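Novice: Shown below is the structure under consideration.
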Amino acid sequence: MKSEKLALIVEAEQIIAYDLKYHLNKLGYSSIHFASGEKAIENTKESSLDCIIIAETVDGELDGYQTIKKVIELNPKYKNRIIFINTTPHTKLPEYYHEDIKHILCVNKPFQYEDIENAIKKIKENSFSK
């Protein structure tokens with residue numbers, strides 16, 4: 001039996017999350033969605049994920065950057081499986097974020113779904129800088 005690929009989506013905007021789920025399904029992924037970073041972090045402790053897509057702005061106490069940092073701290077195996085949906089150009093990010101996300105694949109909003117697909121291909125190939 002073929003094992004299904006699993007993606008976690010952390011996105012506060014429901015319409016974007018549903019659209020991502022649809023496109024991920026076309027790529028052969030089932031997906032779980034949480035709007036808050038805290039709920040997503042809890043889920044990463046219990047799931048075996050093939051990729052994680054995290055938006056910069058999420059619900060809850062943590063923002064997307066803080067969620068990424070906590071996910072990697074708790075599960076270092078996810079370090080090279082994260083796609084960050086960024087709304088702030090890297091040149092405007094605080095310096096401490098640059099160091100934290102240098103190994104994360106970033107896709108800028110507004111994005112095309114082929115940007116997400118290309119990022120997933122890079123994760124599968126592990127062909128991006130670590």
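The values are calculated or read from the model by the stated rules, or taken from the named source; none is laboratory data. This one's a predicted model, so the numbers in the text were calculated from it and none came from an experiment. As a convention, Cβ positions derive from the backbone with ideal geometry for all residues, glycine included, and neighbour counts pool all protein chains shown.
Novice: Name the one entry in Gly28, Gly64 that is small (Gly, Ala, Ser), under 10 Å from Val10 (Cα atoms) and modelled with pLDDT under 95. Walk me through how you get there before you give the answer.
Specialist: On the way: Gly28 fails: under 10 Å from Val10 (Cα atoms).
Result: Gly64 is the single residue among Gly28, Gly64 that is small (Gly, Ala, Ser), under 10 Å from Val10 (Cα atoms) and modelled with pLDDT under 95.
Novice: Every residue in the range 34-75 that is touching a residue at least 60 places away in the same chain (Cβ under 8 Å) and either touching a Lys or Arg at 6+ places or on another chain (Cβ under 8 Å) or more than 24 Å from Pro110 (Cβ to Cβ) (or both), please.
Specialist: If we filter the range 34-75 for residues that are touching a residue at least 60 places away in the same chain (Cβ under 8 Å), which is where we start, we get 50-51, 53.
Residues satisfying the conditions are Asp50, Cys51.
Novice: Now for a separate question. Counting just the residues of the range 93-115 that are assigned to a helix (DSSP H, G or I) and modelled with pLDDT of 85 or more, which one comes out surrounded by the most Cβ atoms within 10 Å (Cβ to Cβ)? Outline the logic, then answer.
Specialist: Keep residues of the range 93-115 that are assigned to a helix (DSSP H, G or I), which gives 95-101, 113-115.
Filter once more, so that each one left must be modelled with pLDDT of 85 or more: 113-115.
Working: Tyr113: 15, Glu114: 9, Asp115: 17.
Checked the range 93-115; the qualifying residue surrounded by the most Cβ atoms within 10 Å (Cβ to Cβ) is Asp115.
Novice: Filter the range 1-33 for residues that are of a type in the set (Gly, Ala, Ser) and touching a residue at least 40 places away in the same chain (Cβ under 8 Å); which is nearest to Tyr78 (Cα to Cα)? Let's see the steps before the verdict.
Specialist: Keep residues of the range 1-33 that are of a type in the set (Gly, Ala, Ser), which gives 3, 7, 12, 17, 28, 30-31.
Filter once more, so that each one left must be touching a residue at least 40 places away in the same chain (Cβ under 8 Å): 7, 12.
Numbers: Ala7: 11, Ala12: 21 Å.
Among them, the one singled out is Ala7.
Novice: Within the range 48-59, can one find any residue that is touching a His at 6+ places or on another chain (Cβ under 6 Å) and within 22 Å of Glu117 (Cβ to Cβ)? Working first, answer last.
Specialist: Quick first cut of the range 48-59, residues touching a His at 6+ places or on another chain (Cβ under 6 Å) only: none.
No - not one qualifying residue is present in the range 48-59.
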